[in-house]
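J.: This is the structure I have questions about; it appears just below.
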Amino acid sequence: GNVMNKLILSILICFILLVPTKSYSITGNKWLEICQTEEEWAQTSCTVYLLGLKDMEHYKNTMNYNILKRMKERGILSERIVYAITEISKSLYVCLPEEVTPSQLKKVVINWLEKNPGKLHDPLILSFLASMQENFPCKN
């Protein structure tokens, strides 16, 4: 009945909130190809693409937090369920220090891709998130 519906809804919310967005992401191969082109437009594109992924991830996390908060306030999800979802998702969050420069971001992603060549064909968003989680995990 009602408990089962809430459980199914909670699982669905977890799935939606924790799956990275990858619909229009280029692959690691394509991104590296652009980054290794000497022309100025390519170097700019390479860095700006990462900044876009960084912003997208930040706004996705903010939106997810606000959705959970409202669902808890309206009684759609219990405090326990919201807490569980929050704890599960903490390991997936990235906490980029303000001081990280665009060129540092680029070096981190390139370094991660070079250490994980088996992931070059994947959408870049997945490699971006993995490299950020590895290098800039949240402390709490």
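J.: Taking 19 Å as the cut-off for C-alpha to C-alpha distance, list the pairs among LYS30/LYS107; LYS30/LYS90; LYS30/LYS106; LYS60/LYS106; LYS115/LYS139; LYS90/LYS139 that go past it. Walk me through the intermediate numbers first.
T.: Values: LYS30/LYS107 16 Å; LYS30/LYS90 30 Å; LYS30/LYS106 14 Å; LYS60/LYS106 21 Å; LYS115/LYS139 24 Å; LYS90/LYS139 10 Å.
Where the Cα-Cα span goes over 19 Å, the pairs concerned are LYS30/LYS90; LYS60/LYS106; LYS115/LYS139.
J.: In square angstrom, rounded to the nearest 10, how much accessible surface does THR86 have for a 1.4 Å probe?
T.: 50
J.: Counting only the backbone N, which residues of segment 24-43 are under 18 Å from the spot 7 Å out from the Cα of MET56 toward its beta-carbon?
T.: Of the residues in segment 24-43, 24-35 have backbone N under 18 Å from the label point off MET56.
J.: If amide H atoms are built 1.01 Å from N in the plane of the peptide, which residues on other chains or at least 5 residues away come under 5 Å of the amide H of THR27?
T.: Amide H neighbours of THR27, under 5 Å, 5+ apart: LEU124.
J.: I would also like to ask the following. Can you check what the net charge comes to around SER45, using other residues whose Cβ is under 14 Å from the Cβ of SER45 (Lys, Arg +1; Asp, Glu -1)? Kindly include the intermediate steps, with their values, before the conclusion.
T.: Working: positive: LYS30, LYS106; negative: GLU33, GLU38, GLU39, GLU40.
Its environment carries a net charge of -2.
J.: Let me ask something else about it. Would you grab the residues whose amide H sits under 5 Å from the one on VAL94? Only those 5+ places off in sequence or on another chain, please, with H modelled 1.01 Å from N.
T.: HN-HN under 5 Å from VAL94: empty list.
J.: Cross-link partners among aspartates and glutamates for LYS119, C-alpha distance below 16 Å, same-chain residues fewer than 8 apart left out?
T.: GLU33, GLU134
J.: Rolling a 1.4 angstrom probe over the protein chains, ignoring ligands and nucleic acids, what is the accessible area of GLU99 in square angstrom, nearest 10?
T.: Accessible surface of GLU99 is approximately 140 Å².
J.: Run a plain Debye calculation on segment 90-130 (Cα atoms as equal point scatterers, no solvent) and give log10 I(q)/I(0) at q = 0.17, 0.21, 0.22, 0.24 Å⁻¹, rounded to two decimals, same order as the q list.
T.: Debye intensities relative to I(0), on a log10 scale: -0.50, -0.73, -0.79, -0.90.
The values are calculated or read from the model by the stated rules, or taken from the named source; none is laboratory data. None of these values were measured; they are calculated from a predicted model. Here the Cβ is made from the backbone with ideal geometry for all residues, glycine too, and neighbour counts use every protein chain on show. Side chains included, ligands, DNA and RNA excluded: accessible areas come from the protein's heavy atoms. Shrake-Rupley method; radii C 1.70, N 1.55, O 1.52, S 1.80 Å.
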